[in-house]
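> I have a structure I would like to understand better, so I am pasting it below and will then ask my questions one at a time.
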Amino acid sequence: MAVDYNDLGARIDALCHGETDTVALMATVVCELHHGHPLSDWTGFYRVTGPETLKIGPYQGGHGCLVIPFARGVCGAAARTGQTQIVPDVEAFADHIACSSSTRSELVLPVWNGAGRLLGVLDLDSDTEAAFTETDARALEAILARVFHDAA
């Protein structure tokens with residue numbers, strides 16, 4: 001079930017071309033990605049809204065957690081460290097926040113603009129263990145860098 005990231009990236013680039021509004025970009029990316037990744041059961045952004053605080057942004061799937069501090073969970077770890085988090089088994093992640101009891105694996109990527117400001121994190125949850133790979137992470141990092149380069 002490999003994702004064609006060349007096609008997905010081209011679609012996202014075309015849809016987001018010229019847009020700089022962060023929420024509009026997030027909404028478009030999450031829609032394309034949610035429908036483009038067969039194992040992503042919940043796809044969404046958590047936005048940096050204050051010191052060490054993430055709040056839910058555009059997403060698709062069931063309800064997500066409303067607020068996540070940088071100090072907690074996989075999303076918090078990605079925001080705190082600035083590093084992509086690939087978690088093949090959420091039960092093995094000591095500080096996992098269970099927004100959904102069906103989630104088995106997670107991929108969370110920090111989202112930066114071209115000025116180096118952390119805008120938030122992109123969170124993909126799957127009901128399948130080990131659903132996300134380094135290939136997913138690297139491809140999505142490249143897409144996010146392009147799309148959010150000029151975001152405010």
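The values are calculated or read from the model by the stated rules, or taken from the named source; none is laboratory data. Computed from a prediction, not measured in an experiment: that's the story for all the values here. Every residue, glycine among them, receives a Cβ derived from its backbone with ideal geometry; neighbour counts consider all protein chains shown.
> So if I check each of 111, 90, which one is surrounded by 16 or more Cβ atoms within 10 Å (Cβ to Cβ) and within 28 Å of residue 17 (Cβ to Cβ)?
111
> Filter the stretch 58-73 down to residues that are among the hydrophobic types (A, V, I, L, M, F, W, C) and in contact (Cβ under 8 Å) with a residue 12 or more places away in the chain and give me whichever is surrounded by the most Cβ atoms within 10 Å (Cβ to Cβ).
Looking at residues that are among the hydrophobic types (A, V, I, L, M, F, W, C) and in contact (Cβ under 8 Å) with a residue 12 or more places away in the chain, I get 68.
> Filter the stretch 117-145 for residues that are surrounded by 13 or more Cβ atoms within 10 Å (Cβ to Cβ) and among the small types (Gly, Ala, Ser); which is nearest to residue 32 (Cα to Cα)?
139
> Another one. Run down 130, 152 and say which single residue is in a loop (DSSP other than H, G, I, E, B) and more than 22 Å from residue 23 (Cα to Cα).
That would be 130, the only listed residue that is in a loop (DSSP other than H, G, I, E, B) and more than 22 Å from residue 23 (Cα to Cα).
> For the stretch 43-67, give me each residue that is within 11 Å of residue 123 (Cβ to Cβ) and either modelled with pLDDT under 95 or over 15 Å from the mean Cα position of the chain (by Cα) (or both).
Within the stretch 43-67, 61, 64, 65 meet the criteria.
> Does the stretch 98-129 hold any residues that are in contact with an Asp or Glu (Cβ under 7 Å, 6 or more places away or on another chain) and over 18 Å from residue 47 (Cα atoms), and which are they?
Within the stretch 98-129, 100, 102, 103, 104, 105, 126, 127, 129 qualify.
> Can you report the number of residues in the stretch 1-27 which are more than 26 Å from residue 102 (Cβ to Cβ) and either of a type in the set (Asp, Glu) or without any contact (Cβ under 8 Å) to a residue 60 or more places away in the chain (or both)?
Total meeting the criteria: 14.
> Select from the stretch 117-152 the residues that are over 15 Å from residue 30 (Cα atoms) and of a type in the set (Asp, Glu) and write down the one among them that is modelled with the lowest pLDDT.
Among them, the one singled out is 127.
> Name the single residue, out of those in the stretch 14-52 being of a type in the set (Ser, Thr, Tyr) and surrounded by 16 or more Cβ atoms within 10 Å (Cβ to Cβ), that is farthest from residue 119 (Cα to Cα).
40
> Still on this structure, please answer the following. Exactly one of (1) under 20 Å from residue 137 (Cβ atoms); (2) modelled with pLDDT of 95 or more; (3) hydroxyl-bearing (Ser, Thr, Tyr) is unmet by residue 40. Its number?
Against the list (1) under 20 Å from residue 137 (Cβ atoms); (2) modelled with pLDDT of 95 or more; (3) hydroxyl-bearing (Ser, Thr, Tyr), residue 40 comes up short only on (2).
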